[in-house]
Every structure is written in structure tokens, then in C-alpha cells.
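The values are calculated or read from the model by the stated rules, or taken from the named source; none is laboratory data. Just so it is clear, the model here is predicted, and its values are computed rather than measured. Ideal geometry is used to build each Cβ from the backbone, glycine not excepted, and the neighbour counts take in all protein chains shown.
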Amino acid sequence: MPNPKAAEVNVIAPLSIDQGQIDHEDSGSLCGTVIAVQANYYWVQFEPSTLPVAVLTAAQGDDVLLLCTRRSRLKKIGQQVMVGDRVQVEEADWAGGRGAIGQVLPRHSELDRPPMANADQILLVFALAEPALEPVQLSRFLVKAESTEISVCLCLNKCDLASPADQKHWGDRLAQWGYTPLLLSVHQTVGLDAILQNLSGKTTVVSGPSGVGKSSLLNALIPAVDLRVGTVSGKLLRGRHTTRHVELFKLPTGGLLADSPGFNQPDLDCTPTTLIHCFPEARRRLEGDACQFSNCLHRDEPGCVVRGDWERYEHYRIFLEEAIARQSSFERSRDAETTTKQKSGDDGQISTEPKLEAKKYRRPSRRTEKQLLLGLYLEEGEKDEGD
Ligand code: GDP
Ligand code: ZN
């Protein structure tokens, strides 16, 4: 049965190239970066230095991409492939535009929302006006970004709508929070060079609430954003903006930019004890001194060095209450998932009996069935690749 998804992604214009010529060339290992994932297919953009000369010549300066499957041996060892992964590709079919990922190189960072490997930096975009800058919301995004341990670059867009006094106010205020924001106006092309400089050579994921100008910024930074490269339709992977979708764009100055809405809903996931480390201004206090109690949550504990009159202490307290509530609800649901269940008999006696093991006796739920089907569908695609 033809795979409709496979047909949908097969829009690469193949290189006009003599495959035999390349097969005779000792090409060594082909390395590239996964720039987009669709179903179980991966777009890999190659590092030119690893490409055979004949391929480089045929590409005439364009980026070289192949649509790849994942070797089933990778699946067997549970090796996932994510956007941002550096991979080695085997059996490249340059004329057909296909290949197979044979190895995933070690990652230096990993995000789960959006699912992305090797991000170096988070570019957090807010606006000085329209929508008005809301401090708790900004804090929440900053804390979320800090919790990933990936470095954060904060920029404030729409400075054309803010008075110089307002701009100074926010610059000074954020300096107290531990950040040096880049001021930006995409409309008046102010600050774009500074941002490009900051992004060059890095893999950056863009984040921020809607309406602040993220898409405008992306379009300004990458003029060819809708025409990714000569050979691939840019529309191909656009319009699939689910929170799980992520796609990397090459910057003209070098470096990659990820456009993903997945990072725009900052559900904090810090534990009550780790939360404080997501505030740079509190980290500074803790570097200088330690609280009397090692498990201090910095509320009313004696000998606390964090509690104090810093602006975001209030935000810390809001997020702390959330983290505590999240942790207790997690613990409650974990306790409910014990291996036994209580049953009251006809005589009113409560007895405890073991739960049935899901695998052996319980009918799979609808959702599990769906997941199984999806798994089969994905496997189907992978069988085609052989090994
Ligand atoms: P996104 O939701 O973050 O992707 O924001 P968009 O890029 O869609 O922009 C939202 C609105 O802000 C649009 O009407 C843009 O034209 C406008 N906008 C973007 N950048 C600027 C800017 O620098 N100044 C002003 N005044 N408006 C801007
Ligand atoms: Zn403390």
C-alpha cells in the first residue's frame, strides 16, 4: 500500500548527478544536521566538508539535503533522532535525494518541548508595547528558559513604540534581574545586526508569547525563510505548527534558528528546591553565602540569605507555590499507583488484592491501541529502508 505521508514529503528536486561516479569516490563519513522531522522521515542538511567533490560540484553552492530514514538498528537500541541531531548518513542516493541515518552523534543539550537536540541558546523575544510588557509573564518565560540550563538571550522588540525613558526603565530593571536585553525594532530594522552577531555560529531556539514579533523577526533575519533552499519547497514543513513541531533555518551569517511554537507555553517544571537557581539575581546571593538550612525554600526559614527586597522575590514566591502544588499532586498520583487495590466484599470487609498486570490481562485502552497502531505505521516505513 502506498504510504501517503511518504508521497507528501517526496518533493526534493534531485541533484543531476552520476551516482556511479560518487560510488567510486572515497567519500568517508557523511555528516549533517537533522533540520526537520516529519513522520518517520528526517531532512538532513550536510556539512559541505564531508561531501564528495562531485556532489559539491553538482549542488553549485546550494545547501545539500537528503530525505532520510532511520536505520532499524538505531530503533532496536532505542536511539531516537531529533531535530538538531548531528548524524552520519549511509547509502546516500544523491540522484534520488534519499539516504539512511546510521548513527547519531552525542548531544550536548536536549529539550523536550520542542523536541530538539544541541540547542546552544534560547532567544527570548518580548515586546516593550503592544502587548504591554508584563513582568510576571516575562519572569515565567525566563525561569522556564533558565530551567533548561541552555543560555538565554533576551530581546525586547517594538522599541519604536516605547519612549527613550521607557526603554531605559526596562534596561535598568532587567539589569537588576541579571539580564542585559537587546533592544530591537523589526519594523525600523533597529538592533538586527546585534542579534545576528549573537546568533552566528550557534543553534538558537526562538521563544516568547504571541504578538511580540517573532515571525517578523524570523522573516527579517532569514529573507529566504519561505524558500529554504533552491531544492526543497519551503512550504513543505510549514503550516504544521503543532507544539511538537520544530524546524531549523540556516542563518545567512552561519548558525541555525529554530522556529517552534512548542516553547511558547511555559509550563514550569522545576521542583521547589531547584526553582531558586532559575533566578540569576538569587544565584548571586547564594554564591556569596549559604542559607542556614540546606533544604531552605527561602520563605520564613531562619538564616535564609535569599529572602529579601529584590524585585522578583515576589515572582519566586508565586512560582514556588505552584511548584509545591505540582509536587504534591505528583506524589498523590504516584501513591495511587500502588501495585495493590482495595476491594470491599459482600460482607463489607475491605480486602487488598494485587492489581492485574496490564500486559497480560487487561484489555488495552483505546489510547494504547492508537499508540500501537502508530508504532506499526512507523515501523512499516522503516522496513522499506532495509539494513
Ligand atoms: P509573533 O506572534 O510573535 O510571531 O508576532 P508577529 O511577527 O506576527 O507580529 C505581531 C504584530 O506585531 C504584527 O502586526 C507585526 O507587524 C507587529 N510588529 C512586529 N515587529 C514590530 C516592530 O518592531 N514594531 C512594531 N510597531 N510592530 C511590530
Ligand atoms: Zn534560604
Total residues in the stretch 180-198, condition surrounded by 19 or more Cβ atoms within 10 Å (Cβ to Cβ) and away from ligand 1 (no atom under 15 Å from the Cβ) = 0
Could you say which residue among Pro164, Pro131 is within 16 Å of ligand 1 (Cβ to nearest atom) and in contact with a Gly (Cβ under 6 Å, 6 or more places away or on another chain)?
-> Pro131
Going through the stretch 279-317 one residue at a time, which ones are away from ligand 2 (no atom under 11 Å from the Cβ), among the hydrophobic types (A, V, I, L, M, F, W, C) and either modelled with pLDDT under 95 or closer than 20 Å to Thr148 by Cβ (or both)?
-> Phe279
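Within 18 Å of the chain's Cα centre (by Cα), at positive phi and surrounded by 18 or more Cβ atoms within 10 Å (Cβ to Cβ): does that describe Gly84?
For Gly84, the condition - within 18 Å of the chain's Cα centre (by Cα), at positive phi and surrounded by 18 or more Cβ atoms within 10 Å (Cβ to Cβ) - is met.
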Residue list for the stretch 45-65, filter: over 22 Å from the mean Cα position of the chain (by Cα) and not small (Gly, Ala, Ser) = Pro48, Thr50, Leu51, Pro52, Val53, Val55, Leu56, Thr57, Gln60, Asp62, Asp63, Val64
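Find the strands (runs of 3 or more DSSP E) located wholly in the stretch 106-151 whose residues include 1 or more that are small (Gly, Ala, Ser) and modelled with pLDDT of 95 or more, and list them.
Fully inside the stretch 106-151 and qualifying: 115-117, 121-127.
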Find all pairs meeting these conditions: Cβ atoms under 9 angstrom apart; at least six residues apart or on different chains; first residue within the stretch 146-168 and more than 17 Å from Ala194 (Cβ to Cβ); second residue assigned to a strand (DSSP E or B) and among the polar types (S, T, N, Q).
-> Ile150/Gln121; Leu161/Ser185
How many of the residues making up the stretch 199-225 are touching a residue at least 60 places away in the same chain (Cβ under 8 Å) and either touching a strand residue (DSSP E or B) at 6+ places or on another chain (Cβ under 6 Å) or within 14 Å of ligand 1 (Cβ to nearest atom) (or both)?
-> 13
